[in-house]
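Notes follow the structure.
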Amino acid sequence: MIASRYVDGGAAEMPGWRLALSRALNITFGRGLSLPVHDLSSGFRLYRQAVLRELDLKATDFDVLEEILIRALAAGYRVHEVPFRYRARLAGRSHARLFKFAISYLRTFVAMWRLRNSIASSDYDARAYDSVIPLQRYWQRGRYQVITRLAGDFHHVLDVGCGSSRIIGAIPGMIGLDIQLPKLRYAGRYGNALVHGSIFELPFADGSFDCVICSEVVEHIPAQEKPFDELARVLKTGGRLILGTPDYDQWQWRTLEWLYGHLAPGGYADEHITHYSRTNLSAYLQGKGFAIEGVEYVGSSEMIFSLRKLAPMVSPVSARPVRTALRAERSAQAA
């Protein structure tokens, strides 16, 4: 909780040059790092002790104030501001030294920019929806529109690897699952149920959902059958699986990933360890018992499959014991 000079009801009584520097600092950090806080430099605060202890802080000067807030937000916690009227000291001297102050704040800004624009930030997906970068904003909104349309008519929906995407709040009653607790903390504000778990062992009974979403997940894990088996297991027969992943057959995606990896190291590009294409993934999913209803693209690069789970086929060999049992039951009834 911050005692804030720059929210409604707050005020700052200080020399004009100090007020200008304070406002410039808060605007630079706030807008440059997309922070939902108005007064990052206020030193009047209350912290939850358990949260503070888990933060890995680096700053050793006044810039630690900004670092604490940004790392807390990155871990999925909330920051609340209350109005505060500040009056500058009438006696004594400030311990701040302008040059040292500026250098430390610049160093912290660079480090926090990297954190805010990496997958380690809990609200990475949510912020991308309103990103100042047009391509990132277009991509998130395009994915949101396709997936929410495909899932909108179902009542029991599971989003596996939900992250902090706004998709979680788009369908009332859906369940979000993720292995990263900070992202689940952030996603709590959407109001739907959340589960901490892994795609390798989904904590749900067979056939629990009539729609399962798995968007931008499978490329982050090793190529193996277990995740796909789990997605199919918790989905009802006839239900829909919405599966999204980049199409590495498309030159557009390969180019974007190369550029993204160089311009934003630490982002998602570095995390893609399994590369799928429409051709090989289509054949694999059909072999797993899914019918392909359609494939849509975001940016001619990210493919989003709409799949229907088929009833398991019973081979003549496996059906023989069933027919034998039926004949025995009929003989018993006739007797």
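The values are calculated or read from the model by the stated rules, or taken from the named source; none is laboratory data. Treat the numbers as computed from the prediction; the structure is a model and nothing was measured. With ideal geometry, Cβ positions are generated from the backbone for all residues, glycine too; neighbour counts draw on all protein chains shown.
Just a few scattered comments:
- Per the listing GLY244, GLY163, GLY173, the residue uniquely in contact with a helix residue (DSSP H, G or I) (Cβ under 6 Å, 6 or more places away or on another chain) and either within 21 Å of TYR284 (Cβ to Cβ) or in a loop (DSSP other than H, G, I, E, B) (or both) is GLY163.
- In segment 189-218, of all residues being surrounded by fewer than 16 Cβ atoms within 10 Å (Cβ to Cβ) and modelled with pLDDT under 95, the one that is nearest to SER306 (Cα to Cα) corresponds to GLY191.
- When segment 110-120 is filtered for residues that are in a loop (DSSP other than H, G, I, E, B) and out of contact with any Phe, Trp or Tyr (no Cβ under 9 Å at 6 or more places or on another chain), only ALA120 remains.
- Among the candidates GLY173, GLY191, GLY169, GLY161, residue that is assigned by TED's automatic domain parsing to the domain that holds LEU241 and either without any contact (Cβ under 8 Å) to a residue 12 or more places away in the chain or within 26 Å of TYR276 (Cβ to Cβ) (or both): GLY161
- Candidates LEU73, LEU57, LEU65, filtered to the one that is outside any loop (DSSP other than H, G, I, E, B), more than 21 Å from ALA20 (Cβ to Cβ) and aliphatic (A, V, I, L, M): LEU73
- Looking only at segment 121-160, and only at residues there that are among the aromatic types (Phe, Trp, Tyr) and in a helix (DSSP H, G or I), the one that is farthest from SER198 (Cα to Cα): TYR138
- Matching entry among VAL51, VAL37 (being in a loop (DSSP other than H, G, I, E, B), among the β-branched types (Val, Ile, Thr), modelled with pLDDT of 90 or more and not assigned by TED's automatic domain parsing to the domain that holds ILE179): VAL37
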